[in-house]
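First comes the structure, then the notes that go with it.
The values are calculated or read from the model by the stated rules, or taken from the named source; none is laboratory data. If you're wondering where the values come from, they're calculated on a predicted model, not measured in any experiment. Note: ideal-geometry Cβ built from the backbone for every residue, glycine included; neighbour counts use all protein chains shown. All accessible areas refer to the heavy atoms of the entire protein, side chains included, with ligands and DNA or RNA removed. Shrake-Rupley method; radii C 1.70, N 1.55, O 1.52, S 1.80 Å.
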Amino acid sequence: MNNQNTPVHIRLWHHEFWLLVIADLLLTMSVYMLIPTFPQWLLAEQQFTPEQTGLSMAAFAIGLYLFGAQCSWLVQRFRRNMVCIWAIVALSLNVLLLGYFSPLTTFPKALVHRVALGAAFGLAQMILSSTLIIDTCESHQRTEANFGAAWFSRFALSLGPIAGLAVALLPIESYLMPLGCYITQITPILFVSGIIALVSILLISRVSFPFRTPEEGVSMASLDRFFLPGGFPLYLNLLLISVVIGLVLSLSLSLVFYALMMGGFLFALLTQRFVFRNAELKSEVVSGLILLLGALLVLLVHSSSMVAPLLMGTSVGVISSRFLLFFVKLSRHCQRGTSQSTFFLGWETGLALGLGMGYGLFYDTRDILLYVALTFTATALLMYHFLTHRWFLKHKNR
């Protein structure tokens, strides 16, 4: 029977590892804060059309790939932690400056902001997850390190929107007035987002990374630490699933929904330790997709149900953590970082495209959006069951 379990090493969770995974959580939260708030602000205050809003949200996916080919060269040419820090600085400045000039936002400026945000976030995350985090642990603990760190990014899918929606309810405008800001609804959210990103810099700067002699003959553009071509079927299957999540997140969801999603994430952690501990390898993704189908059906029948976010959180937790391990197992020697980046790109690209489609194509047509999401989920399930899983078993290297 093909089964797989990730062991727990207490020694992995040392001081430096904790600093980096919390930095990962904060960095991702700073971006995910804008998922429920930024498009609504574009529609309500900036008078963007749904199509313009959708294109603005989808443009984030373009930015993710802008510096990917240069990632390996940058890490070799400069100190790896400083490249990550400067990428986060660029991300923070991007959102802070948009917060300061938010009343002057136009459609072209929104597109530039989202592309630049995606570029900075993509470079920072690729270096943080594929290089910095695994550099702090022993070689035999790196799979667990990848697995554990990814859960913190996953928590941000709930905690980030919760923070964004909570900030929108607080009277922060009075504190920003002395700064000379033109206050709009989005300004406090952007400022908090930028500050959270800066806090992640402080955490990363407290970890010591010894100098490494650069390798000779490193090309300025390569797929190393960027994209694993041999993992394209996994990437495509993951992309299809994350598009569904993006579609759902484009709906007007409440704080309670995101809080219950967090409960689903925690339940997914428990199922992986107790339910799927020695289960057949295919069972996690298949079960996760069935749960996602259930969540969509519940949303279709009862929009305010508390069951749907729990099912969705459990589904996302089970599916994404297993796909991450699939990418790791697919990689060859010295390709672990590349596999991490490929997983990251598949997830974030699908999320951005789903958000873009949700606003641009299905705005105010909630039922049609859910029917499309159901179709995509069923397609992803059939694709995984009949194609992707068999392909993975044939091509895995670990």
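Descriptive notes on the structure:
- Single residue of Thr375, Thr349, Thr379, Thr365 found to be under 22 Å from Ser321 (Cβ atoms), of a type in the set (Ser, Thr, Tyr) and surrounded by fewer than 20 Cβ atoms within 10 Å (Cβ to Cβ): Thr379
- Being modelled with pLDDT of 95 or more, in contact with a His (Cβ under 9 Å, 6 or more places away or on another chain) and not hydroxyl-bearing (Ser, Thr, Tyr) holds for only one residue in Val316, Val298, Val372, Val286, and it is Val286.
- Whenever a residue of region 264-275 is in contact (Cβ under 8 Å) with a residue 40 or more places away in the chain, its partners that are open to solvent by less than 70 Å² (accessible area, probe 1.4 Å) and among the aliphatic types (A, V, I, L, M), lying with C-beta atoms within less than 7 angstrom and at least six residues away or across chains, give the pairs Gly264/Leu311; Gly264/Met312; Ala268/Val318; Thr271/Val318; Gln272/Val318.
- Among the residues of region 43-82, the ones that are touching a helix residue (DSSP H, G or I) at 6+ places or on another chain (Cβ under 9 Å), open to solvent by less than 40 Å² (accessible area, probe 1.4 Å) and outside any loop (DSSP other than H, G, I, E, B) come to 18 in all.
- All of (1) of a type outside the set (D, E, K, R); (2) buried (at least 22 other Cβ atoms within 10 Å of the Cβ); (3) modelled with pLDDT of 95 or more hold for Ile85 with one exception: (2).
- A count restricted to region 244-278 and to residues that are more than 21 Å from Thr377 (Cα to Cα) and not in a helix (DSSP H, G or I) stands at 5.
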